[in-house]
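Working notes, structure below.
The values are calculated or read from the model by the stated rules, or taken from the named source; none is laboratory data. None of the values given here were measured: they were computed from a predicted structure. Every residue, glycine among them, receives a Cβ derived from its backbone with ideal geometry; neighbour counts consider all protein chains shown. Quick note on the areas: whole protein, heavy atoms, side chains included, nothing else; ligands and nucleic acids left out. Shrake-Rupley method; radii C 1.70, N 1.55, O 1.52, S 1.80 Å.
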Amino acid sequence: MEPPLTVKGAAQDGTGPSTVPAGTPPVRPSARRLDRMLRIVDEGPRPFYRAAIVSLALTSVLAVTIAALIRPPGALPWPQQDMIAGALAALCLSAAGGIASLVMARRSRPASRLDRVVAPRERAAIWLALAAWFPFLLIVVYFRAEATFPPSVQWLYYGFTDKRWVSACYLLGVLGPMIFLTTAARVLTVGRGHPATWRAWFAGLFRRNGGAASQPPGAEHASDAPGEPTGRWRSQVGRILTVAAGLATALGLAWYFFGPPWYLTQNTSVVTPQEDLWLNGFQAIARGHLSYTGPAAIQYGPGTQSVAYWLMRHVTSFSMVGFREAWALFTWVGVSILFAVFFLAFGYARGLAVSLLSALVYPALQQIAFRAGGTFDGYWGWANPLRYAGMIALVLLLPAVVRRSPSWRGAAAGAAIGVLWGVTSYLAQENLIAGAIGALVIGALLMLSGTSSWRAVRAALAATLGGFLLVWLPVLAFYAVHSDLGQFLSLYFLLPRALAQGFGNASWPGGTLTAIFYALPFLLAVIAFLAVFQVRPVRIAADWSKERVRLVVTLVATALLCQGALLRSDGSDLTGALLMVPALVIMTATVLPRQLGAQRRVTVAIAGVAVVVASFALLPYQSFTWASVRSVAEAPYLDRQQLAAAPRPSMPGTLAASRVGAGLDGALLCCQGPPVPMPDVIRLMNRIHAIIGSRTTYVADFAHGYPGFVYFVADLTPAPVQADKYNTILNEPQLMAYMAYFRASVLPQTQALVTGSLSTPEARFFLQRYPGARRILLHFGRKPYYVLLRQG
């Protein structure tokens, strides 16, 4: 009998060499590669350090190549010069690191000081994360090189600045380290268990940890012993009462600061272009056109237009004052959702703190609010918390759904969140895009950290998607039945695509929020890095606690909202990110000190207070003074008293006056621009309506805003354009296509045209086609305003 042969390779359990009888099949190459990789994992941080050095060197060489090749003709632009210089410096650093590795390899020491600070396993994970992270920096290099080319088309209305490299750099700097570190630690942890196959190694990444902190789904609700049903019942009742108290407080705060009565008939602030941007669509829907497409097209969310129109028809009034009342309802509902989510996600005490900070200190919710002095006013037509509330609710509440999945409670909660996400995504595109990215990031982090299993995350995401589709399938089917699904989807994603390319993006102009605009991305990166570590000893955290999960989801939601502010770079868009900054401040102050090793309550309290106080340094001083906070807190009560005692305006007596609305019809100023009293504008609109009547009309322009004002207030029948020129035409090629369609398809059906100048393209085309058209000269203030009537 032949003696057995010793074959170098993995044993069946993957722990070492095995003795295999002679004549057995040779070990497959994949098994040899697996065995080699497992030995590398067991070796420690040194091979991963070398991998990071090689990765940095290759990335540097490729960065130099990309920067040198992708550039406009002529001299090398300064961004390419800077990138090449940085890449060469990184290449030198990698060379120095490689030499240091070779020198240290000759010295064998059993232990080092570094091992006592950061364990070898953690260092191995850090180096592996860096090795995987470095090549992604080439995305930034590529987009930065592309940004040096001039725009290929001429963009209208706003400037064009390619900031894709800013977005890539921001996301890689904030979310990248957290994801890569968590993934690297998980990969190495599973590898140290010596999986038998590559498939087993991959499957192990998505299993839930079995540590002491792990609990099966629903275990967090079963803290009492099985033999104590009374204790369990009392615990459940206590949780229900706490949740109910939180929701009642949230709704009460939302009503006090932003709820009715608003007395908007006494608000005579000027009509802004952002308001009359919506009016064209309302008038088109009133004349029988399909919402959101054709003459009713708008670049914002379809649901906001449809719901506002329904509210104006059935709840408020079909007027500009009625639109403001509908927008006030949006604000109230949006704030109610936000505050309720804060209480549900963070608990009563922290939910109350976040809600009060949001209402009293941070400016995000002050864009439409009660003003000291007796009015409810703000940025009508734009500022709307519902643009972000669905995304915030999805990201903050998803971990609770995952904890309860898979179970009927998890499915029901996921479906409810999905319905809310679907409704708010129908209202505004920001909820869809940021919500989808946020849900995927949170699901991945929960799995890769070992906090939740793939089965639980999959069930939660499936339930959420089911609720989302419950809202969206009827919407898509409606437009498909009307043969407008393609245009609906094109318009829905029109502005997000254009903004991602560079339309409307600009540099920060300065202002009171400059400090927080520049500091917030770096603070997010620091907090994200610290959030995945635990101290004493230093470890990459696994099997995250509820507190750590709350901090991470708050961070992810804030980071995704801040992304939009980096593109548009203005104070109005920055307020979207500031919706989550109060939550980030409170969660960082109450969670991070303890996660970083603070144990004494006094230490934790001092650290938390220091974080909150330091956060105020990023805000304008006047926003957190006692006088300012007191004024904001008292304004809703005092304004309602003052407005309730004021006399009610009389009902409008003409068609145009009724379209403007009671109270606003007597305003001293109509719109932005040269001062024109609202009664004069109303007389002009009545005159236009009397001249045109029910004729199909095209309004080319409006001196003080968008043509929607004229369509709506003069009650005109909009021409059947394919899209609204001022809402959906963003560049020269689109404008040329629009004008070609206007001449070929719209002019034959147009019976009247309103314009401030006969030299506008639409007026010239109209007069060329109908040379005998009647010309009626009117005046808007001191400027001429023409009505052209097609004869016959």
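Among the residues of the stretch 61-88, the ones that are loosely packed, with under 12 Cβ neighbours inside 10 Å and more than 35 Å from the chain's Cα centre (by Cα) come to 3 in all. The single condition among (1) open to solvent by less than 10 Å² (accessible area, probe 1.4 Å); (2) within 25 Å of Leu495 (Cβ to Cβ) that Ala667 does not satisfy is (2). For the stretch 207-223, the criterion of being touching a Lys or Arg at 6+ places or on another chain (Cβ under 9 Å), open to solvent by less than 80 Å² (accessible area, probe 1.4 Å), part of a loop (DSSP other than H, G, I, E, B) and modelled with pLDDT of 80 or more is met by no residue.
Going residue by residue through the stretch 506-513, is there one that turns out to be closer than 29 Å to Leu172 by Cα, in contact with a Phe, Trp or Tyr (Cβ under 6 Å, 6 or more places away or on another chain) and crowded, with 18+ Cβ neighbours inside 10 Å?
Looking through the stretch 506-513, none of the residues is closer than 29 Å to Leu172 by Cα, in contact with a Phe, Trp or Tyr (Cβ under 6 Å, 6 or more places away or on another chain) and crowded, with 18+ Cβ neighbours inside 10 Å.
Determine whether Ala657 is out of contact with any Cys (no Cβ under 7 Å at 6 or more places or on another chain) and in contact (Cβ under 8 Å) with a residue 12 or more places away in the chain. Yes; evaluated as a whole, the condition is true for this residue. Assessment of the stretch 49-59 against the conditions (more than 28 Å from Ser101 (Cα to Cα), open to solvent by 40 Å² or more (accessible area, probe 1.4 Å) and either modelled with pLDDT of 90 or more or in a strand (DSSP E or B) (or both)) yields no matching residue.
Close contacts from the stretch 95-124, counting a first residue that is part of a helix (DSSP H, G or I) and a second that is of a type outside the set (A, V, I, L, M, F, W, C) and at pLDDT 85 or above, with Cβ to Cβ under 7 Å and a gap of 6+ residues or different chains, come to Ser101/Tyr49; Ser101/Arg50; Pro120/Pro45; Glu122/Arg539; Arg123/Pro45; Ala124/Pro45. Going by the structure shown, is Val721 in contact (Cβ under 8 Å) with a residue 60 or more places away in the chain and closer than 17 Å to Leu290 by Cβ? Here the answer is yes, as Val721 does meet what is asked.
Does Ala456 fit the bill of being part of a helix (DSSP H, G or I) and out of contact with any Lys or Arg (no Cβ under 8 Å at 6 or more places or on another chain)? When the stated conditions are applied, Ala456 does not pass them. If you check Ala607, Ala627, Ala633 for being in a helix (DSSP H, G or I), out of contact with any Leu (no Cβ under 7 Å at 6 or more places or on another chain), surrounded by fewer than 17 Cβ atoms within 10 Å (Cβ to Cβ) and among the small types (Gly, Ala, Ser), only one passes: Ala627. Going through the stretch 433-453 one residue at a time, which ones are open to solvent by less than 30 Å² (accessible area, probe 1.4 Å) and either free of Cβ contacts under 8 Å to residues at least 24 places away in the same chain or in a helix (DSSP H, G or I) (or both)? Ala434, Gly435, Gly438, Ala439, Val441, Ile442, Gly443, Leu445, Leu446, Met447, Leu448 - these are the residues of the stretch 433-453 that are open to solvent by less than 30 Å² (accessible area, probe 1.4 Å) and either free of Cβ contacts under 8 Å to residues at least 24 places away in the same chain or in a helix (DSSP H, G or I) (or both). Out of Leu499, Leu489, Leu530, one residue alone is open to solvent by 50 Å² or more (accessible area, probe 1.4 Å), more than 30 Å from Ala353 (Cα to Cα) and hydrophobic (A, V, I, L, M, F, W, C). It is Leu489. Out of all the residues in the stretch 709-718, is one or more of a type outside the set (Ser, Thr, Tyr) and over 17 Å from Gln283 (Cβ atoms)? No, there is no match, as no residue in the stretch 709-718 is of a type outside the set (Ser, Thr, Tyr) and over 17 Å from Gln283 (Cβ atoms). The set of residues in the stretch 759-792 being in contact with a Phe, Trp or Tyr (Cβ under 8 Å, 6 or more places away or on another chain), exposed (fewer than 15 other Cβ atoms within 10 Å of the Cβ) and not in a strand (DSSP E or B) consists of Gln791 alone. Of all residues in the stretch 39-63, those satisfying the criterion of being farther than 14 Å from Phe134 by Cβ and either in contact with a helix residue (DSSP H, G or I) (Cβ under 6 Å, 6 or more places away or on another chain) or of a type in the set (Ser, Thr, Tyr) (or both) are Ile40, Val41, Gly44, Pro45, Pro47.
Looking at Leu279, Leu290, Leu264, which is the one that is open to solvent by 10 Å² or more (accessible area, probe 1.4 Å) and among the aliphatic types (A, V, I, L, M)? Don't jump to the end; show me each part of the working.
Details: Leu279 fails: open to solvent by 10 Å² or more (accessible area, probe 1.4 Å); Leu264 fails: open to solvent by 10 Å² or more (accessible area, probe 1.4 Å).
Answer to the selection: Leu290.
In the stretch 473-489, how many are in a helix (DSSP H, G or I) and either closer than 19 Å to Gly281 by Cα or of a type in the set (Ser, Thr, Tyr) (or both)?
Just the residues of the stretch 473-489 that are in a helix (DSSP H, G or I), to begin with: 473-481, 485-489.
In the following step, the residues that additionally are either closer than 19 Å to Gly281 by Cα or of a type in the set (Ser, Thr, Tyr) (or both) were identified as 475, 478-479, 485-489.
Within the stretch 473-489, residues that are in a helix (DSSP H, G or I) and either closer than 19 Å to Gly281 by Cα or of a type in the set (Ser, Thr, Tyr) (or both) number 8.
If you filter the stretch 267-276 down to residues that are touching a strand residue (DSSP E or B) at 6+ places or on another chain (Cβ under 7 Å) and of a type in the set (S, T, N, Q), you find that the one that is surrounded by the fewest Cβ atoms within 10 Å (Cβ to Cβ) is Ser269.
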